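Asker: To start, I am sharing the structure in question, which I have written as structure tokens.
The values are calculated or read from the model by the stated rules, or taken from the named source; none is laboratory data. All values reported here derive from a predicted model rather than from experimental measurement. All Cβ positions, even for glycine, are placed from backbone atoms using ideal geometry, and neighbour counts span all protein chains on display. Protein only, heavy atoms only, side chains kept; ligands, DNA and RNA dropped before computing areas. Shrake-Rupley method; radii C 1.70, N 1.55, O 1.52, S 1.80 Å.
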Amino acid sequence: MELNRRNFLTAAGLGVGGLLLGACGSGGGTGGGGGGTGRVSILTPEFAGTEGKETFEGTILSGFPDTSFAVDYTDWNRLNEKLSAAVAGGVVADLIMLGAGWVEPFAHKGVLAELPDSLADGKAINENLFTVAGYEGTTYAMPYFVDGRILMYHREMFDKAGISEDALPTNLEDFREMLKEVKPDGGVAIDLFTQNLRQVWAHLLGAFGGSMFSEDGMSVAFTDGSGVDALQYLLDLVDDGTIDFSVQGAEGQPRPWQQKVAAIDLQNSSAWPSLTEQTPELVTPESMGMMLLPSADGGDPVMFQGGTLLAVSSRSKDPELVQELVSFLLEPENMLPAVEMVGKVPSRDDLDDPIVTDNLMATYIIDNFEYATAYEGGSPAWMEVRGAVEGEIEAAVVGQKTAAEAIDALASLANDALTRV
Amino acid sequence: MTDVLEQAEERAAVAVDEVARTPRRTASQRRRTRRLLLFVLLTVVAVVMAAPFLWMLLTAVRTPQELFAVDMPLLPREWHWENFSTALATAPFLTYARNSFVIALTHTLSNLVLASMAGYALAKIRFRGSTVVFAFVLASMMIPFYAIVIPEFLMVRHVPLAGGNNLFGQDGIGWIDSWPALLVPGLVSPFYIFLFRQFYLGTPTELMEASRLDGAGEIRIYSRIISPLIKPGMLTVALLAFESGWNNFLWPLLVTSRSEMRVIQLGLSVFRQEAGTDFNLLMAGTAMAAVPMIVLFAIFQRQFVNGMVATGIK
Amino acid sequence: MTTTTAAPAATGRRAPRRQTLARRQAVWGWVFALPATLHIALWTGFPILVAMLLSLTHYDMLNPPSWAGISNYTAIANDPLFWRAMWHNLIIAAVGIPVSMLLALVLAVLLNQGVRGTGAFRTAVFLPHVTATVAIAMIWLWIYSPGQNGLLNYVGGFLGIPNQPFLNSPSQALPAVILVTIWQGLGLKTMIYLASLQTIDQQLYEAAEIDGASAVQRFRHITVPILAPTTFFILVTSIIGNFQTFDLIYVLTSGGPANSTTVVTYEIYETAFQQFRMGLASAQSVVLLVVLVVLTVLARRLTGGRDD
């Protein structure tokens, strides 16, 4: 092995060596043309387009004193490529906006800087939301926007089935029975397949009291039976005929719920602006009801939480300034225009403004912050596993594997990934 | 685009009229029938190929409500042409289009010169190493972009003495966020070298030898004698190179961060956000982004001679 | 690799004057080929070399690479999903390429007949090629949509055919994807054939006609042989292009359902940019390179051992 290594290094030659040295990111340059005090580079998947830029730079950032900004707008679809290339090249932006589940691996690899807990002081951010913002007990990010997954239903279909808003099921068994009753003719009771199936399973995992990884993120936790139970529940619903894999929406296509082919939709609160634009008549308080996914045993309901987080690059030359900026972005007067622009749920629960309160999903989610948990991630190994989850769950749903087989396959993948952490 | 289609419809109408009006002349009768059949067949093919694009146009002028309604009609109830201007205003598309145009034009010209030279050499000149060069050109097409994008990015990032870098390519940002990063790596594409080679293979070697006897220099033989013979090939490469430069997006995304440096396909991603897809605006934007290419193609294909004799089918 | 260009050794038998001429020519060969070759060597060859070296490392792009020996390659050998993806590519290629090449050739000949409206027909055929893949994929999502709002199911409804799941069915998804690849790739192939038809000397056909050759004979004995270099080009680039398919799959199916449409580039993308295992992704790419070299050699055999 040692000999091979020497050969390899010899063969690599100067040029390649230099390039790999570059790959270490030891260059020390800060990102996006930045460097030095008074200039902050930002990488954001939010605020795309002319209006978004105007809001973010013109309205919000312009209020931050004595600093110039270089903002890189990169949509969520390409954020991974952008971030990895930037990290590899040592040109990471000072302030990075990223999604839930990314903090642990990036923190583990030393890309993110620790944030003082005092940064959240006086910000009215629910403590629950921080479960996606830390790694090994240290905070690496601040929740900015939240997206919660809730169940939206057509009131008329519930009324028709004689299900009252006051008597909604509080455990998964009752919920399963209710689904049989609310199922419209020729449709499905609930659409669980338009939403990312990996997250649906993670959500159900939470309902069965399970989690993906152990507290320290170093061992698999869904093998305690909760993983199989969650998947089996999904398969039972398929058997009941209350969900159907071939009834699902695709990008640019209406969701079955919007076509009244499904009575209930597992919906992401980020979709609120689209829903009010596409099918406004369906999302009025009169026609739409909301509920959380009940837990298996009838305890607290569960709300899957994702969102946009603010993190500071560990290579930033002026971390204090960037931290100040993070704090600045979380101030109510700076958060409101941001929320108005992106239509998402703010991480603060004290913004009593029509921008927030007119958004029925946002209001509902803020009221239920206490049930929010991130069921995804929790381990630096998560990145390696998450791409494989959907395929395995789908294989079970279409009958190619049993629930146990699919979960076993996932567990062995996850264990394998953990050995590499 | 609609113009082109309307034109096509007009032409179709004219063609049908002519067929109908033609007095019976036995000699050309069978030929005309065949032509009509051919016309019908091509119409069917054209409709199949263009249908999704037509759907794109129909989608572009709908309202979101109509798109997501249970009973979406085949034709829009109202034609919202302003969706096109709305789409244009959503992002700085003029800047994006200019950037894409510069990239497309540069890559077109550089490939026409450099790739054609290489293709010519590989096809028409015997030289030691040509086999290796050709094999290398082929092999360099076979690695997926995702495998070499990071090394390529690092090269651009560590260009010595550029963007604040020192002699060893450290300390600065190299070509990141600058035109060289957008233009230089794509100056020559192996795809076009290969295509040029295949076109040059069909040219007569005797003509080269005769020219040499006449005392013509090698550059003259390449540029004035042989290359004009493959004008359709030149046009094809020009069009394809322009098109891929115009539609390029992943590389420009990685090597730029300022929105003034972004390109048109990146601009279109503004319609596909996490919150949902503005399907109508996305389709309006995509259709508009395709228009320059369609116009270019319509002009370009006119350079092709319509030869019945050329293929020998009557 | 080629037959035309691989004969410098033959110069020894020639007259001295020819020999110097050949030598002078050889210099010119390099003069013409060098700029492009150097550029590709630097901007593609060198990154490929780096990728090959990275394939022997663990590299997550966040930390420096660490030596891995051949462990990435043994991991690939034991990764059924990667080979499944490879198999899907082979199926897409084996079905899609012959069909689309044949269609393209016939279409090119028909579009070269000078029928009225030819310009519009050619433009229509080329439309899919110039339209952004993401938008195309989203339109096909509508065409294949499993409910009555999908075009195919809507039309099928009139014919009494029950709703089909198409992209939501592990058995129907791959054929559905293949259809889209054929449709999308047809324009480019047709156009290259069309451009080649333009370079054919029409006198050949006239002479053949005088000799009494029928249209079919002329097509078989003049058009097809003369188009051989083009056919070789289209075949090889189609094979390579087929193994690079990414955007279409990414939007249409994300490799699903149950990995039934995953392809090699999609796996490489996932490995590199979702799992951050660039070393493994590089190894996967090297394996792909080897497979493509083998397929290209086979393609050359298939076209009669001639590329010219």
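Asker: Is it the case that the range A:106-118 has a residue that's surrounded by 23 or more Cβ atoms within 10 Å (Cβ to Cβ), within 17 Å of the chain's Cα centre (by Cα) and touching a residue at least 24 places away in the same chain (Cβ under 8 Å)? Give the derivation first.
Answerer: Narrowing the range A:106-118 to residues surrounded by 23 or more Cβ atoms within 10 Å (Cβ to Cβ): A:106-107, A:111-112, A:115.
Retained after the next criterion (residues that are within 17 Å of the chain's Cα centre (by Cα)): A:106-107.
When the remaining residues are screened for being touching a residue at least 24 places away in the same chain (Cβ under 8 Å), the result is A:106-107.
Within the range A:106-118 (the criterion being surrounded by 23 or more Cβ atoms within 10 Å (Cβ to Cβ), within 17 Å of the chain's Cα centre (by Cα) and touching a residue at least 24 places away in the same chain (Cβ under 8 Å)), the answer is yes, since at least one residue qualifies.
Asker: For the range B:171-198, what are the residues that are more than 7 Å from every other protein chain (Cβ to nearest Cβ) and open to solvent by 10 Å² or more (accessible area, probe 1.4 Å)? Walk me through it before giving the result.
Answerer: Initially, the range B:171-198 is screened for residues more than 7 Å from every other protein chain (Cβ to nearest Cβ), giving B:174-175, B:178-184, B:186, B:189, B:192, B:196-197.
Matches in the range B:171-198: B:175, B:178, B:179, B:180, B:183, B:184, B:186, B:189, B:192.
Asker: Just for the range B:44-63: of the residues that are open to solvent by 20 Å² or more (accessible area, probe 1.4 Å) and within 23 Å of the chain's Cα centre (by Cα), which one is farthest from the other protein chains (Cβ to nearest Cβ)?
Answerer: Within the range B:44-63, the match that is farthest from the other protein chains (Cβ to nearest Cβ) is B:57.
Asker: Within the range B:267-287, track down each residue that is more than 7 Å from every other protein chain (Cβ to nearest Cβ) and either of a type in the set (Asp, Glu) or open to solvent by less than 20 Å² (accessible area, probe 1.4 Å) (or both).
Answerer: Residues satisfying the conditions are B:267, B:271, B:278, B:280, B:284, B:285, B:287.
Asker: Of the numbered conditions (1) open to solvent by 10 Å² or more (accessible area, probe 1.4 Å); (2) within 15 Å of residue C:46 (Cα to Cα), residue B:150 satisfies every one except a single condition; which is it?
Answerer: (1)
Asker: If I go through the range A:28-53 residue by residue, how many of them are at pLDDT 95 or above and surrounded by fewer than 21 Cβ atoms within 10 Å (Cβ to Cβ)?
Answerer: 0
Asker: Provide a single number: the residues in the range A:165-180 that are within 16 Å of residue A:154 (Cα to Cα) and surrounded by fewer than 16 Cβ atoms within 10 Å (Cβ to Cβ).
Answerer: 4
Asker: Also: I need the full set of residues from the range C:187-207 which are facing chain B (nearest Cβ under 7 Å) and farther than 22 Å from residue C:98 by Cβ, in order please.
Answerer: Those that are facing chain B (nearest Cβ under 7 Å) and farther than 22 Å from residue C:98 by Cβ: C:198, C:199, C:200, C:202, C:205, C:206.
Asker: Just to be sure before I move on: is residue A:146 part of a loop (DSSP other than H, G, I, E, B) and within 14 Å of chain B (Cβ to nearest Cβ) in the structure I sent?
Answerer: Criteria not met by residue A:146.
Asker: Something else: Name the residue, out of B:313, B:294, that is at pLDDT below 90 and either in contact with a strand residue (DSSP E or B) (Cβ under 8 Å, 6 or more places away or on another chain) or of a type outside the set (S, T, N, Q) (or both).
Answerer: One residue alone meets the criteria, B:313.
Asker: If you don't mind, there's one more thing I want to ask. Please specify each residue of the range A:333-365 satisfying the condition of being β-branched (Val, Ile, Thr) and open to solvent by less than 30 Å² (accessible area, probe 1.4 Å). Steps first, please.
Answerer: Quick first cut of the range A:333-365, residues β-branched (Val, Ile, Thr) only: A:339, A:342, A:345, A:355-357, A:363, A:365.
Hits for the range A:333-365 are A:339, A:342, A:345, A:356, A:365.
Asker: Let me ask something else. Show me the strands (runs of 3 or more DSSP E) entirely contained within the range A:227-313 in which 1 or more residues are more than 10 Å from chain B (Cβ to nearest Cβ) and on the phi > 0 side of the Ramachandran plot.
Answerer: Strands (runs of 3 or more DSSP E) meeting the threshold: A:303-312.
Asker: Now for a separate question. Take the range A:124-135 and flag every residue that is open to solvent by 10 Å² or more (accessible area, probe 1.4 Å) and touching a helix residue (DSSP H, G or I) at 6+ places or on another chain (Cβ under 8 Å).
Answerer: Across the range A:124-135, the qualifying residues are A:126, A:128, A:130, A:134, A:135.
Asker: Among the listed residues A:336, A:321, A:351, identify the single one that is farther than 25 Å from residue B:274 by Cβ and either touching an Asp or Glu at 6+ places or on another chain (Cβ under 8 Å) or not acidic (Asp, Glu) (or both).
Answerer: Exactly one of A:336, A:321, A:351 is farther than 25 Å from residue B:274 by Cβ and either touching an Asp or Glu at 6+ places or on another chain (Cβ under 8 Å) or not acidic (Asp, Glu) (or both), namely A:321.
Asker: I've got another one for you. If the requirement is being modelled with pLDDT of 90 or more, more than 26 Å from residue B:160 (Cβ to Cβ) and in the same structural domain as residue B:254 (by TED's automatic domain parsing), which of these qualifies: B:176, B:193? Break it down into steps so the answer makes sense when it comes.
Answerer: Working: B:176 fails: more than 26 Å from residue B:160 (Cβ to Cβ).
The unique qualifying residue is B:193.
Asker: Residue check, residue C:24 against (1) open to solvent by less than 60 Å² (accessible area, probe 1.4 Å); (2) under 20 Å from residue B:118 (Cβ atoms), all met but one. Which one?
Answerer: Among (1) open to solvent by less than 60 Å² (accessible area, probe 1.4 Å); (2) under 20 Å from residue B:118 (Cβ atoms), residue C:24 violates only (1).
Asker: Here is a follow-up. Identify, please: which residue in the range C:42-68 is assigned to a strand (DSSP E or B) and touching a residue at least 40 places away in the same chain (Cβ under 8 Å) and is, among those, least open to solvent (accessible area, probe 1.4 Å)?
Answerer: Looking at the filtered set, the residue picked out is C:57.
Asker: Give me the residue from the range C:91-141 that is more than 18 Å from residue B:53 (Cα to Cα), at the interface with chain B (Cβ under 7 Å from one of its Cβ atoms) and of a type in the set (Gly, Ala, Ser) and, out of that set, surrounded by the most Cβ atoms within 10 Å (Cβ to Cβ).
Answerer: Here the answer is C:117.
Asker: Inspect the range C:249-264 for any residue being facing another protein chain (nearest Cβ under 7 Å), of a type outside the set (A, V, I, L, M, F, W, C) and either more than 30 Å from residue A:109 (Cβ to Cβ) or open to solvent by 20 Å² or more (accessible area, probe 1.4 Å) (or both) and give the result as yes or no.
Answerer: yes
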